[in-house]
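A.B. asks: Okay, here's the structure, questions in a sec.
The values are calculated or read from the model by the stated rules, or taken from the named source; none is laboratory data. Quantities reported herein were computed from a predicted structural model and do not represent experimental measurements. Positions of Cβ are backbone-derived with ideal geometry, glycine not excepted, and every protein chain shown enters the neighbour counts. Note: areas computed on protein heavy atoms with side chains; ligands, DNA, RNA excluded. Shrake-Rupley method; radii C 1.70, N 1.55, O 1.52, S 1.80 Å.
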Amino acid sequence: MVDHPQALRNIQAQVVERLGTGIVRGDVAPGEPIASEMRICEMLNVSRTVVREAIRVLSGKGLVEARPRSGTRVRPPELWNQLDPDVLRWQLETADLTTYLMKLFRLRSTVEPMAAAYAASSGTEADIARIRAAAEAMAAAGSNEAWVEADIDFHRAIHVATRNEFFWPIAQMFEVVLRRSFTLAAPGDHRPRAILEHRRVMEAIASRDPDAARGAMEELIAHSAGDLKRLYGIDPRSGPTPATRAVTDERRPGIGPSRA
């Protein structure tokens, strides 16, 4: 038996991770019940208290719903809390690379140019200072890790500078989803051009020119997609095809209801 609170939390987190990953991966179809509490206890060698807490956490993330006399069932993906960092991470870990990049760039192409325009019209001087500092940190980055962190800071600062709280959760989401894309592109030789493009976005925002900020961001995103195509042969602006779709992990048994 585990008595230490921190150890108990670690075990609960592991169970949440195991169950959440399986649900997002599709081991149990929406509307279908996951394994019973007792079955999960047996599979993972944990207490019923741990399992109940894990299910409560997953319910809070929108992944499952407990129904009287019918067990805990998986909810449709459109009802999941897609902005939850764990749900986002599980989506990234279980999606093939082409599909992930395609969805990300569709979102970026729709949202980020408008965020840059709103930042130009609504951002405070402090907001602009943060955007400028992130652009300068990109230029000064001495490692791939520092480059990625500065790039994430740049885009997050722009969303905050919209002064629109509905953009702020997107900034939090981008902190998760952009990391993988930026890490993939970091080793490329495009940095001098990318530094100039980020500076153009920053300068347009600082000049309070929404149209220029929108256009500069559109150019930045288009070139970013081109970099990934050049580096990996994947065009994130087009959908996945049978020839390019990567093979994801095979569905693994475990969290679905016992068929015995």
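A.B. asks: Measuring from a point 7 Å past the Cα of D211 along Cα-to-C-beta, which residues in the stretch 109-147 have an amide N at less than 19 Å?
C.D. replies: 113-122
A.B. asks: Next question. Relative to the compact globular guide of 2.2 N^0.38 Å, what is the alpha carbon radius of gyration of the chain, as a ratio?
C.D. replies: For the chain, the normalised Cα radius of gyration is 1.18.
A.B. asks: Angle between the Cα long axis of helix 210-232 and the longest principal axis of the chain, 0 to 90 degrees, nearest 10?
C.D. replies: 60
A.B. asks: Treating the angle as unsigned and between 0 and 90°, give the value, to the nearest 10°, between the Cα long axis of helix 5-25 and the longest Cα principal axis of the chain.
C.D. replies: 80
A.B. asks: Sticking with this structure for a sec: Measure off 7 Å from each Cα along the Cα-to-Cβ vector at D189 and R106, then give the distance between these two points in nanometres to one decimal.
C.D. replies: 3.4
A.B. asks: Could you pull the Rg and Dmax for the stretch 62-153, using just the Cα atoms, both in Å?
C.D. replies: Cα-based Rg and Dmax for the stretch 62-153 come out at 18.9, 60 Å.
A.B. asks: Moving on to the next point. Tell me which residues come under 5 Å, amide H to amide H, from V64 once H is placed; ignore anything under 5 positions away on its chain.
C.D. replies: S59, R75
A.B. asks: So what is the accessible area of the chain per residue, in Å², with the probe set to 1.4 Å? Walk me through the numbers on the way to the answer.
C.D. replies: On the way: 13460 Å² over 260 residues.
The answer is 52 Å² per residue.
A.B. asks: Cβ neighbours within 10 Å, averaged per peptide: list 161-167, 119-125 in order, most packed at the top.
C.D. replies: On the way: 161-167: 16.0, 119-125: 18.1.
Output ranking for 161-167, 119-125: 119-125, 161-167.
A.B. asks: Using every pair of alpha-carbon atoms in the stretch 164-207, split the distances into 5 Å bins beginning at 0 and state the percent of pairs per bin, rounded to integers.
C.D. replies: 5, 18, 14, 21, 26, 12, 3, 0
A.B. asks: Give me the percent of Cα-Cα pairs in the stretch 114-228 that sit more than 19 Å apart, rounded to a whole number. Don't skip to the answer; put the middle values down first.
C.D. replies: Numbers: 2548 of 6555 pairs.
Percent of Cα pairs beyond 19 Å in the stretch 114-228: 39.
A.B. asks: Ignoring ligands, DNA and RNA, what percent of the 1.4 Å accessible area of the chain is carbon and sulfur? Provide the component values of the computation, followed by the final result.
C.D. replies: Details: 7120 of 13460 Å².
Here carbon and sulfur together make up 53 percent of the probe-accessible area.
A.B. asks: Still on this structure: Using Cα pairs under 8 angstrom and six or more residues apart, how large is the relative contact order of the chain, in percent?
C.D. replies: Details: 349 pairs, mean separation 65.8, N = 260.
Contact order relative to length: 25 percent.
A.B. asks: Using Cα pairs closer than 8 Å and at least 6 residues apart in sequence, work out the relative contact order for the stretch 142-211, in percent. Intermediate results must be reported in sequence, preceding the final value.
C.D. replies: Details: 28 pairs, mean separation 22.8, N = 70.
Value for the stretch 142-211: 33 percent.
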